[in-house]
Amino acid sequence: MRSKLLDKTTAELLGKIALQEKLIGELLSRLDEQDQRMAEMERRLSRAVSPSQLVSEGRAAKLLGLSTQTLARWRKGSRPPIPVVAREGVIRYRIADIEMFIHEGARGGKSALRTA
C-alpha cells in the first residue's frame, strides 16, 4: 500500500534519482579501475633506467597493456600515436614516448587506449 504522502509523480522522480545514483556509482567504480590500471602502467614504466631507453615492441605492448598487433596496426596508420624507431627491420619504442602517450590519456587528451 502506497503512502498518501507521496503522489505518483514524486514516486517516479524518486525512482529516477535512485537509478541515477546507481549509474553514478558504477561510473565511479569504472574510474577507480582506470586509475588502478594507470598506476600499474606508471609503476611498470618507473622501472626504466632512462626515458631515452629503447624497448622492444613486445615490451612496449606489455607496458601499455596492449597486443603487439595493436601496436603494428597503429604503426601502419598515417599518424601513429606513439613514435617508432625502426632500423633494419627492428622496431623499438622510447620509454619517454610511451610515458607521454600514457600521460596524455590521463589528462583527457585523445588517447588510442580509449578507443582500442
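The values are calculated or read from the model by the stated rules, or taken from the named source; none is laboratory data. Treat the numbers as computed from the prediction; the structure is a model and nothing was measured. When we count neighbours, we look across all protein chains shown, and the Cβ atoms used for this are built from the backbone with ideal geometry, even at glycine.
Taking the residues in segment 43-62 that are of a type in the set (S, T, N, Q) and in a loop (DSSP other than H, G, I, E, B) as candidates, determine which candidate is modelled with the lowest pLDDT.
Looking only at segment 43-62, we keep the residues that are of a type in the set (S, T, N, Q), and these are 46, 50, 52-53, 56.
Those still in the list that are in a loop (DSSP other than H, G, I, E, B) too: 50, 52-53.
Values: 50: 67, 52: 76, 53: 85.
Top of the filtered list is 50.
Here is a yes/no grid of residues against (1) at pLDDT 90 or above; (2) in contact with a helix residue (DSSP H, G or I) (Cβ under 9 Å, 6 or more places away or on another chain); (3) surrounded by 14 or more Cβ atoms within 10 Å (Cβ to Cβ); (4) assigned to a helix (DSSP H, G or I):
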| residue | (1), (2), (3), (4) |
| --- | --- |
| 17 | yes, no, no, yes |
| 41 | no, yes, yes, yes |
| 70 | yes, yes, yes, yes |
| 108 | no, no, no, no |
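Go through segment 72-85 residue by residue and tally those that are surrounded by 11 or more Cβ atoms within 10 Å (Cβ to Cβ) and farther than 18 Å from residue 100 by Cβ.
Applying the first criterion (surrounded by 11 or more Cβ atoms within 10 Å (Cβ to Cβ)) to segment 72-85 yields 72-75, 80-85.
From what's left, farther than 18 Å from residue 100 by Cβ: 72-73.
Total meeting the criteria: 2.
Cβ-Cβ distance below 8 Å, separation of 6 or more or different chains: which pairs start in segment 51-79 with a residue that is of a type in the set (Lys, Arg) and end on one that is in a loop (DSSP other than H, G, I, E, B) and surrounded by fewer than 14 Cβ atoms within 10 Å (Cβ to Cβ)?
Qualifying pairs under 8 Å: none.
All but one of (1) assigned to a helix (DSSP H, G or I); (2) at pLDDT below 90 hold for residue 86, so report the exception by its number.
All conditions are met except number (1).
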